[in-house]
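The structure appears right after this line, and notes come after that.
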Amino acid sequence: MLKTTPVPAPPSANPHAEGVSNDEFRAAMSRLAAGVCLITAHEPPLTAGGPRGEDVGMTATAFLSVSLDPPLVLVSLREGSRMDDLLAEQPLWAVSVLADHQLQTAGRFAMKGRISDRLLFADLPYERGEASGAPLLSGALATLECRTEKRIEAGDHTLVIGRVLTASLPSPDSSPLTYFRGRYRHLG
């Protein structure tokens, strides 16, 4: 009788205790179309009177409205990411809801392993938010400035709930940039 040894599945295909694998979950969630936002914050200087702090940005598709009264939003951040670490210390941040013509901006801030955001912001038109000090992209569908109200650990992410301090519509009639099945898409 020939004996065979089963080949273990790759780690991402192994089901969790509840039965769904990382690949199955990722495939199912990729069918949920999402808007694309740029989350920004200004990292203060390390020392008072020292060199100016740095702007930090990240592309997010896990962003949503939570409450109208008070006005609250939620963004999901990968635990231990630069933005997660910064927003643990800096309570003020901003959101630019991206228009379809800002696809390159979304890709730029979604890059993994980048050293500095300074070059990423270098040629982008933006205004600095009065309430947050964070960059607000010109040409965005909407911009919001927020103050963190609560942080919730959720698996390998941190859910950050922010109170909306300001809201504006720089380019309200543009089409939105969306993310569906692992790619940026234009609505239409």
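The values are calculated or read from the model by the stated rules, or taken from the named source; none is laboratory data. Because the structure is predicted, anything quoted here is derived from the model rather than measured. Cβ placement follows ideal geometry from the backbone for every residue including glycine, while neighbour counts extend to all protein chains displayed. To get the accessible areas, we keep the full protein, side chains included, count just its heavy atoms, and leave off ligands, DNA and RNA. Shrake-Rupley method; radii C 1.70, N 1.55, O 1.52, S 1.80 Å.
What the table below lists for this structure:
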{"quantity": "Tabulated pairs, region 142-159, first within 13 Å of G129 (Cβ to Cβ), second of a type in the set (K, R), C-beta under 7 angstrom, 6+ apart or interchain", "calculated": "C146/R163; R147/R163"}
{"quantity": "Residue within region 12-31 that is at pLDDT below 60, open to solvent by 100 Å² or more (accessible area, probe 1.4 Å) and more than 30 Å from A134 (Cα to Cα) present", "calculated": "no"}
{"quantity": "Region 100-122: number of residues that are under 19 Å from A62 (Cβ atoms) and crowded, with 18+ Cβ neighbours inside 10 Å", "calculated": "5"}
{"quantity": "Residue in region 38-46 that is under 10 Å from the mean Cα position of the chain (by Cα), within 24 Å of K150 (Cα to Cα), hydroxyl-bearing (S, T, Y) and in a strand (DSSP E or B) present", "calculated": "yes"}
{"quantity": "Filter result (of a type outside the set (A, V, I, L, M) and either touching a residue at least 40 places away in the same chain (Cβ under 8 Å) or part of a strand (DSSP E or B) (or both)) within region 121-140", "calculated": "F121, Y126, E127, R128, S132, G133, P135, G139"}
{"quantity": "Test result for M83, in contact with a helix residue (DSSP H, G or I) (Cβ under 8 Å, 6 or more places away or on another chain) and surrounded by 17 or more Cβ atoms within 10 Å (Cβ to Cβ)", "calculated": "no"}
{"quantity": "Region 40-57, subset crowded, with 24+ Cβ neighbours inside 10 Å and among the β-branched types (V, I, T), residue modelled with the highest pLDDT", "calculated": "T40"}
{"quantity": "Residue check for P71: open to solvent by 30 Å² or more (accessible area, probe 1.4 Å), out of contact with any Gly (no Cβ under 6 Å at 6 or more places or on another chain) and within 21 Å of G129 (Cβ to Cβ)", "calculated": "yes"}
{"quantity": "Residue tally, condition open to solvent by 40 Å² or more (accessible area, probe 1.4 Å) and either assigned to a strand (DSSP E or B) or modelled with pLDDT of 90 or more (or both), over region 155-173", "calculated": "12"}
{"quantity": "Residue within region 141-154 that is assigned to a helix (DSSP H, G or I) and either open to solvent by 40 Å² or more (accessible area, probe 1.4 Å) or in contact with a helix residue (DSSP H, G or I) (Cβ under 8 Å, 6 or more places away or on another chain) (or both) present", "calculated": "no"}
